[in-house]
Amino acid sequence: MASPRVFPLSCVVQQYAWGKVGSKSEVACLLASSDPLAQISEDKPYAELWMGTHPRGDAKILDNRISQKTLGQWIAENPDCLGSKVKNTFNGKLPFLFKVLSVDTALSIQAHPNKELAEKLHLQAPEHYPDANHKPEMAIALTSFQGLCGFRPVEEIVTFMKKVPEFQLLIGDDATAQLKESVGGDTEAMASALRNCFSHLMKSEKKVVVEQLNLLVKRISQQVFDGNNMEDIYGKLLLQLHQQHPGDIGCFAIYFLNLLTLKPGEAMFLDANVPHAYLKGDCVECMACSDNTVRAGLTPKFIDVPTLCEMLNYTPSPSNDRLFAPAQSQDDPYLSIYDPPVPDFTVMKMEVPSSVTEYKVSTLDSASILLMVQGTVTAIIRSAHAEIPLYRGGVLFIAANESVLLKIIVPKDLLIFRACCLL
């Protein structure tokens, strides 16, 4: 009997401290909806749902015809399920990890290395950089999602230097003057000045950072108490970050990096060397399979300031330029495609109105993982004469070139995300 090629998955929940707790977490809500036996604790964080083959979170296959195997084990035995191009390009392995994140506490000013730097870091410090792969990521908002991404225009940074003397003091007079002089000049001079300023900030003496941050927090708190609006210097956010990470240099990063608030369906793509941080909200995330992260603030984990300052892309851009817009499918009016400029992954979003009774999931020459965020359907797999019920939070693995028809059981709109690899 042939092994099934479409089957549901039981995925791994990571309870990191920065996650939203209990039913406030989209991760917990998806888990509770898909598994009636799931026990959701209202005092525990539910930070991430991992859908893939990562060694620390290999999904389990929920199919009696496949006895007690993880997805990674099954793919290793059936590499043709990936699709010929994916199998050959990525050595018979699933090249992406698909996630849901529920963020309550800001997590880490960070960037990810390109492949060349990843290989170098892995050789030098494998305990901190455990593989030689790059780690591009894409975050697509499920709820209002706040994050930092890329360097903001230099003019904005100069304005913050004037309004936040504590920030300017850490950067220093010489670096500040260089940045001001670079405004309106050539891009290379601007990037060089920006690198100098950011490096000065991030390499500041800890004692001085704490002193200046405490002064700023005291000043903002007093102004807010007196009824003044401090949002021109992101007063509320600064106080929030300081409360979460007292005395942390990363609190000042909000004056360097673009602050984005994504609406549901909006996305940001985090290519190699782009500084970023997730601050608050729920999102779907897809990334290349790697654990390589270079951190420098807002984290209790290992930080590597010299590497981060050296590797970053210092090209400034407005926040709107950091939004990654999906393409609308020409063949399917309900399908949007987030296709970043990397080979490892693509994410599809399907929004199917309640008036539709059946929806055909497009056939791809790639293995894919499908997540039901909203709706109740029966997945009909004609090649196997099988039917699989799928509820909110349900996860389905679809091998390459398999056809799946979704029959809508409850007349409500569907919201589905699907990760795949379109080479």
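The values are calculated or read from the model by the stated rules, or taken from the named source; none is laboratory data. Note that the structure is predicted; figures quoted are calculated from it, not measured. Positions of Cβ are backbone-derived with ideal geometry, glycine not excepted, and every protein chain shown enters the neighbour counts. For accessibility, only protein heavy atoms count, side chains too; no ligands or nucleic acids. Shrake-Rupley method; radii C 1.70, N 1.55, O 1.52, S 1.80 Å.
Quick notes on this structure:
- Within a straight-line Cα-Cα reach of under 19 Å, Lys69 can be paired with the following lysines, leaving aside sequence neighbours fewer than 8 residues apart in one chain: Lys60, Lys93.
- Dipole moment magnitude, nearest 20 debye, the chain about Cα centre, only Lys, Arg, Asp, Glu C-beta charged: 740 debye
- Solvent-accessible area of Tyr16, all protein chains in place: 60 Å² (probe radius 1.4 Å, heavy atoms, ligands and nucleic acids excluded).
- Out-of-range pairs (alpha-carbon distance over 19 Å; input Lys24/Lys236; Lys163/Lys218; Lys163/Lys236; Lys360/Lys407; Lys135/Lys203; Lys44/Lys349): Lys24/Lys236; Lys135/Lys203; Lys44/Lys349
- For the chain, the carbon plus sulfur part of the accessible surface works out to 51%, probe radius 1.4 Å.
- Only helical runs count toward this figure. For the chain, summing -39,500 (n - 2.57) over DSSP H runs of n ≥ 4 and dividing by all residues gives -8000 deg cm²/dmol at 222 nm.
- A simple charge model with +1 on the Cβ of Lys and Arg, -1 on the Cβ of Asp and Glu and nothing else charged puts the dipole of segment 1-136 at about 340 debye relative to its Cα centre.
- Cα long-axis angle, helix 206-225 against the chain (0 to 90 degrees, to the nearest 10): 90 degrees
- Sorting the Cα pairs of segment 264-389 by distance into bins of 5 Å, from 0 upward, gives 2, 7, 14, 17, 18, 13, 10, 7, 6, 4, 2, 0 percent per bin.
- For Ile409, the residues whose amide H sits under 5 Å from its own are Thr376, Val377, Thr378, ignoring neighbours fewer than 5 places away on the same chain, with H placed 1.01 Å from N.
- Rg ratio for segment 1-154: its Cα radius of gyration over 2.2 N^0.38 Å, N being its residue count, equals 1.21.
- Segment Val183-Glu42, length gained on full extension (0.36 nm per residue, minus Cα span): 45.7 nm
- Alpha carbon centroid spacing (whole Å) that separates segment 109-156 from segment 343-363: 29 Å
- Compared with the dominant Cα axis of the chain, that is its longest principal axis, helix 187-202 is turned about 80°.
- Estimated translational diffusion coefficient (Stokes-Einstein, Kirkwood radius over Cα pairs, 37 °C, 0.692 mPa s) of segment 1-47: 278 µm² per second.
- Nearest 10 degrees, 0 to 90: helix 173-182 Cα axis against the chain principal axis: 60 degrees
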